[in-house]
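The values are calculated or read from the model by the stated rules, or taken from the named source; none is laboratory data. Values in this document were obtained by computation on a predicted structure and should not be read as measured data. Note that we place each Cβ from the backbone using ideal geometry, even for glycine, and neighbour counts take in every protein chain shown.
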Amino acid sequence: MKFWKEVTVNADTSILSTLEIIDKGSLQIALVIDSHNKLLGTVTDGDIRRGILNGISLQSQVSLVMNTQPFTGSVHESRENILQKMKDHRLHQIPIVNDNGCLTGIELFEELVQSKKLHNCVLLMAGGLGTRLSPMTDNCPKPLLKVGIKPILETIIENFIDQGFYRFYLSVNYRADMIRDYFGDGSKWGVEIRYIEESMKLGTAGALSLIGDKPTEPIIVMNGDLLTKVNFQQLLQFHTDNNSKATMCVREYEFQVPYGVVQIDNHRLMNIVEKPKQLFFVNGGIYVLDPEVVKFVPKDSFYDMPNLFEVCIEHKLETTVFPIREYWIDIGQVDDFNRANNEYKERFL
């Protein structure tokens, strides 16, 4: 890989600058080196997101979030050995170093196996009534409303296609015939599209029980009214790296208390904090689920995704959160629809 030098940073480089380098490049990783080109560590998108969850500022040095003991390959190793090492440890990239620990390159799993397509299924929830967008949705399902120059759902699907996905399930109900007529079997886009017909409201997880061919790879589930620039390959990598069975994408939500908050100890006034801001992580409507989790979803029953995560937690399965730092908008109301139209050109063209 001849472009590895473009993703090298120093230990004192800011996390934000490192993030920009990761996003700009195609390797999904940054390599931290010293002045003598010795490899100090690696930084992935997942490392940074974990840092965000732990309250580390994007202005901090990247050394605070880097992996100081990354797997490496030797310049003397064969590509076959390196590929096997990547398979054994589920690595997508591996830095190559010489006998002195100096960086000489990087190998990518996708290039070694010459595979470009991701076999993970994507389930898009496209059956809602969209009543809050009436009258626009009186005769048109919300996923077919045009934002910019295309229907919302078309932009979502094409975004997945650009990232290597080709197997789609669309869960439909309201005006299902219009969605079927528009997307067909997906051949127009060079992908496979199958439909799950909801005869009743099944919630945000219920449609999983109706997937005919049970998935063998982690499946991505996403609400069909979201426009986002989330890197879904990084999302899958985060899910895998953390040995997760169920991953929920979350967003930061800031709430400002409109009053002075009084801190007390029994009857004594200790402090007054004027209009404090509180930061929460809220559900972002995008999920990754291992196949074994799908069995918890009851057939032909209303079942929301939070219910499924609660069951996973009860069974002590590894459940994780993936913080969304990219563009994200839930087109639930007219104001959201208008905003998405105003931002479409900048974000998606």
Item to check | Entirely in segment 199-275, the strands (runs of 3 or more DSSP E) that have 2 or more residues that are surrounded by fewer than 18 Cβ atoms within 10 Å (Cβ to Cβ) and modelled with pLDDT under 90 | outcome: 246-256
Item to check | Unique match (being under 24 Å from Leu236 (Cα atoms), touching a Leu at 6+ places or on another chain (Cβ under 9 Å) and hydrophobic (A, V, I, L, M, F, W, C)) among Val43, Val65, Val9 | outcome: Val43
Item to check | Count of residues meeting criterion [in contact (Cβ under 8 Å) with a residue 60 or more places away in the chain, exposed (fewer than 13 other Cβ atoms within 10 Å of the Cβ) and part of a helix (DSSP H, G or I)] in segment 307-349 | outcome: 2
Checklist outcome for this item: If we keep only residues of segment 125-161 that are farther than 22 Å from Gly206 by Cβ and polar (S, T, N, Q), then the residue farthest from the chain's Cα centre (by Cα) is Asn139
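State whether the residues of segment 107-130 include one that is farther than 28 Å from Ile219 by Cα, assigned to a strand (DSSP E or B) and not assigned by TED's automatic domain parsing to the domain that holds Asp336. Before you say what the answer is, go through the steps one by one.
So the first thing to find is which residues in segment 107-130 are farther than 28 Å from Ile219 by Cα, and the list is none.
The answer is no, given that none of the residues of segment 107-130 is farther than 28 Å from Ile219 by Cα, assigned to a strand (DSSP E or B) and not assigned by TED's automatic domain parsing to the domain that holds Asp336.
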Next on the checklist: For segment 68-92, give me each residue that is of a type in the set (A, V, I, L, M) and within 21 Å of Leu118 (Cβ to Cβ).
Outcome noted: Leu83, Met86, Leu91
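Filter segment 276-299 for residues that are without any contact (Cβ under 8 Å) to a residue 40 or more places away in the chain and outside any strand (DSSP E or B) and give the result.
First pass over segment 276-299, keeping only residues without any contact (Cβ under 8 Å) to a residue 40 or more places away in the chain: 276-280, 282-283, 295-296.
Pro276, Lys295, Phe296, listed by residue number.
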Checklist entry - Restricting segment 84-109 to residues that are in contact with a helix residue (DSSP H, G or I) (Cβ under 9 Å, 6 or more places away or on another chain) and polar (S, T, N, Q), which is farthest from Trp4 (Cα to Cα)? => result Gln93
Checklist entry - Which of the residues belonging to segment 178-198 are assigned to a loop (DSSP other than H, G, I, E, B) and surrounded by fewer than 17 Cβ atoms within 10 Å (Cβ to Cβ)? => result Gly184, Asp185, Gly190
Checklist entry - In segment 69-82, is there at least one residue being surrounded by fewer than 13 Cβ atoms within 10 Å (Cβ to Cβ) and among the hydrophobic types (A, V, I, L, M, F, W, C)? => result yes
Checklist entry - Restricting segment 1-15 to residues that are modelled with pLDDT under 95 and of a type outside the set (Val, Ile, Thr), which is surrounded by the most Cβ atoms within 10 Å (Cβ to Cβ)? => result Trp4
